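Just below is one structure, and these are the notes that go with it.
The values are calculated or read from the model by the stated rules, or taken from the named source; none is laboratory data. These numbers come from a predicted model, not from an experiment. Backbone-built Cβ (ideal geometry, glycine too); neighbour counts: all protein chains shown.
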């Protein structure tokens with residue numbers, strides 16, 4: 001007999017034996033539950049920082065039975081032997097995950113609890129959403145193991161900061177075996193308040209950023225380019241309109257070349273270097289220099305057998321002719337290439353060759 005069993009009465013020992021007989025079921029649930037949750041999170045495109053599961057150990061269960069074993073008629077009354085925990089970044093995502101869990105599993109509402117709603121206006125502390133669930137037979141069943149659909153398990157959902165608080169509180173208070181002095185308990189509660197405030201602020205800032213992105217996308221989509229500052233988000237929305245597509249197709253037609261699609265985002269820094277502050281500035285640059293960029297490209301590749309071109313060639317040559325038209329030389333072109341590709345000895349060589357090529361065209 002294990003040492004921890006000696007503290008149990010006959011009823012507690014009987015439940016512990018039930019636990020041992022059902023252990024393979026618990027292990028199977030421990031594997032299945034996170035698989036179903038992970039698949040649902042992926043389909044819903046909800047990012048989480050951790051998804052973990054565990055089976056309560058014999059010693060942990062024995063400790064629970066020693067304290068309150070009389071409240072359980074049998075092992076199936078204990079709902080947290082198998083537990084899964086989903087940790088997310090934002091408090092708003094906890095409710096999204098809860099909605100997904102409700103769709104996946106059968107939720108035992110009577111035994112589920114939302115710790116977030118148990119605090120008064122003046123109190124702070126442990127905050128987590130706990131659902132007690134079963135696997136629906138329609139989701140998964142095994143004729144050789146019908147207990148899989150009968151055994152309940154717990155799914156905890158919380159934010160990363162709530163998880164920090166839970167671990168800290170358990171280590172310093174709940175599981176220490178000692179009474180926490182009032183002054184230290186007050187400090188813990190103050191920290192809980194700070195973490196709760198931080199959670200709310202992270203969610204608020206994310207909501208504001210998402211609102212900004214939606215506004216930027218709407219302005220760009222409607223062609224209000226001068227109202228939109230040039231940024232990563234706005235440039236991405238602008239590129240979604242394929243503003244350089246027609247010039248790229250025109251260039252490809254020179255040699256009936258195939259276009260290899262690449263990201264144009266690296267040119268954001270180059271456009272800023274050229275003085276663009278709004279999407280309107282980028283659009284004016286495009287309109288002003290597209291014809292000149294095309295004529296330069298005809299001379300570049302017209303006498304070659306080049307049959308594959310990069311989708312960045314149109315924007316690249318627009319930037320090049322802009323630099324030259326403004327009186328720039330080798331140094332300015334080198335800086336342009338550096339802003340797109342990073343530092344490289346090849347940037348200077350390439351800039352020199354282009355200036356020589358352009359000077360030759362002028363003659």
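Descriptive notes on the structure:
- Among residues of segment 83-98, those that are over 13 Å from residue 114 (Cβ atoms), surrounded by fewer than 19 Cβ atoms within 10 Å (Cβ to Cβ) and out of contact with any helix residue (DSSP H, G or I) (no Cβ under 8 Å at 6 or more places or on another chain), counted: 0
- Applying the criterion of at least 2 residues that are modelled with pLDDT under 75, in the same structural domain as residue 110 (by TED's automatic domain parsing) and within 30 Å of residue 112 (Cβ to Cβ) to the helices (runs of 4 or more DSSP H) found wholly in segment 153-265 leaves 160-169.
- Residue within segment 88-102 that is modelled with pLDDT of 90 or more, over 19 Å from residue 135 (Cβ atoms), in the same structural domain as residue 131 (by TED's automatic domain parsing) and in a helix (DSSP H, G or I) present: yes
- Checked against (1) under 29 Å from the mean Cα position of the chain (by Cα); (2) farther than 15 Å from residue 314 by Cβ, residue 241 passes all but a single condition, namely (2).
- If you filter segment 333-363 down to residues that are touching a residue at least 40 places away in the same chain (Cβ under 8 Å) and surrounded by 13 or more Cβ atoms within 10 Å (Cβ to Cβ), you find that the one that is nearest to residue 322 (Cα to Cα) is 336.
- Within the set 83, 12, the sole residue that is under 22 Å from residue 150 (Cβ atoms) and in a strand (DSSP E or B) turns out to be 83.
- When segment 255-268 is filtered for residues that are surrounded by fewer than 16 Cβ atoms within 10 Å (Cβ to Cβ) and within 25 Å of the chain's Cα centre (by Cα), the ones remaining, listed by number, are 262, 263, 265, 266.
- Residue 300 vs. criteria modelled with pLDDT under 90 and either under 19 Å from residue 323 (Cα atoms) or under 35 Å from the mean Cα position of the chain (by Cα) (or both): yes
- Where residue 67 falls short, out of the listed (1) surrounded by fewer than 16 Cβ atoms within 10 Å (Cβ to Cβ); (2) under 21 Å from residue 30 (Cα atoms): (2)
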